[in-house]
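Q: Pasting a structure below so you can have a look.
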């Protein structure tokens, strides 16, 4: 059993999270390349989850500023300008929080979703099986029938515009994004704040995605995502994979064991001043 100095983990993350001043992102093009390098990141840092974010890579390791003129909020403009394009995939995915995913890694996520074939019909089977709420079904059908709609029009067309339905609407919107069924594809000037996402069906907006994911085995997809995550954080515990991806413990353990058998990960590591057994990269990278 090896013991890894905690300072080594922190130094590694300082590079992969771009916490060092000389590594901070300074342009939209650098941000796009950063997402491609990391595979997937959060838009904002999320409490309780260790994962790179666009905010910290631009603004450093500090809380998200309330002031709208904070230099770190340049990230907001980058994100909005690239919604629905080919720079990255943006939606509420991991833990149903705002996630940015590279198109290289996206098919592995999609291969683990409940999207198998005809997007015009599959959702009905999932609804009948109790895997889709009524509100999610209504939102999905509204976009299916009408094409892309902003949040205001979507609530109205789905007959969920009353104040009492707001929480159910938002919950269903997040559920559909986490299941790779819908995604924001633009920003409109709608609503009281003159700012609203426009949503479309993922399979319709990116029709090539189903074919790209079709040949990927679920076990291979989990291995690819687990390794991508470890390459960002350096080391984690099994519970971190279960929590982040929402996997069953047996599936997470299977992915780790397979990667360890390939010599890519080491199991049973100890981290200085940390409790429990850890999973760590076999080879420490620099970016």
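Q: How big is the Cα convex hull of the stretch 111-213 in projection, averaged over all directions, in nm²?
A: Its Cα hull, projected and averaged over all orientations, spans 6.4 nm².
Q: Specify the angular offset, from 0 to 90 degrees and rounded to the nearest 10, of the alpha carbon long axis of helix 249-261 from the longest principal axis of the alpha carbons in the chain.
A: 50 degrees
Q: How far, in nm, would the chain grow between residue 66 and residue 81 when pulled straight, counting 0.36 nm per residue and subtracting the alpha carbon separation?
A: 3.3 nm
Q: Per residue, how big is the convex hull around the C-alpha atoms of the chain? Give it to me in cubic angstrom, could you?
A: 143 Å³
Q: Let a ≥ b ≥ c be the square roots of the eigenvalues of the Cα gyration tensor of the stretch 42-89; is it rounded (a/c under 1.5), or, if not, prolate (a/b larger than b/c) or oblate?
A: oblate
Q: Most fluctuating residue of 177, 129, 223 in a GNM of the chain with Cα springs under 10 Å: which is it?
A: Per the Cα network of the chain with a 10 Å cutoff, 129 tops the list.
Q: Also: So if the hydrodynamic radius of the stretch 46-156 is defined as the Kirkwood radius over C-alpha pairs, what does Stokes-Einstein give as its diffusion coefficient at 4 °C and 1.567 mPa s, in µm² per second?
A: The estimated diffusion coefficient comes to 77 µm²/s.
Q: I'd like the orientation of helix 134-146 relative to the chain: the angle between its Cα long axis and the longest Cα principal axis, in ° from 0 to 90, rounded to 10.
A: Once rounded, the angle reads 70 degrees.
Q: If I take every Cα pair under 8 Å that is 6 or more residues apart in the chain, average their sequence separation and divide by the length, what percent do I get for the relative contact order?
A: With pairs under 8 Å counted, the relative contact order is 21 percent.
Q: Additional query: Rank 40, 180, 197 by mean-square fluctuation in a GNM of the chain with C-alpha springs under 10 angstrom and give only the top-ranked residue.
A: Sorting by GNM fluctuation, first place goes to 197.
Q: I would also like to ask the following. Given a Förster distance of 25 angstrom, what is the FRET efficiency for residue 218 paired with residue 37, based on the Cβ-Cβ distance and rounded to 0.05?
A: 0.50
Q: Quick one: what Rg and Dmax do you get for the stretch 157-287 from the alpha carbons, in Å?
A: Calculated on Cα positions, Rg and Dmax stand at 19.9, 56 Å.
Q: Determine the calculated [θ] at 222 nm for the chain from helices alone, applying -39500 (n - 2.57) to every DSSP H run no shorter than 4 residues and normalising by the residue count; nearest 500 deg cm²/dmol.
A: Only helices count here, giving -13000 deg cm²/dmol.
Q: Here is a follow-up. Once the Cα atoms of helix 166-178 and of the chain are each reduced to a long axis, what angle between those two axes, in degrees from 0 to 90 to the nearest 10, is obtained?
A: It is inclined by approximately 50 degrees.
Q: So for the pair residue 144, residue 167, with labels modelled 7 Å out along Cα→Cβ, what separation do we get in nm?
A: Calculated label separation equals 2.8 nm.
Q: Fewest first, what order do 135, 277 take by the number of other Cβ atoms within 10 Å?
A: Starting with the residue having the fewest Cβ neighbours, the order is 277, 135.
Any read-out appearing in this document is the output of simple, stated calculations on the displayed coordinates, not a laboratory observation. No experiment lies behind these values; they were computed from the predicted model shown. Heads up, the Cβs are rebuilt from the backbone with ideal geometry, glycines too, and the neighbour counts pull from every protein chain shown.
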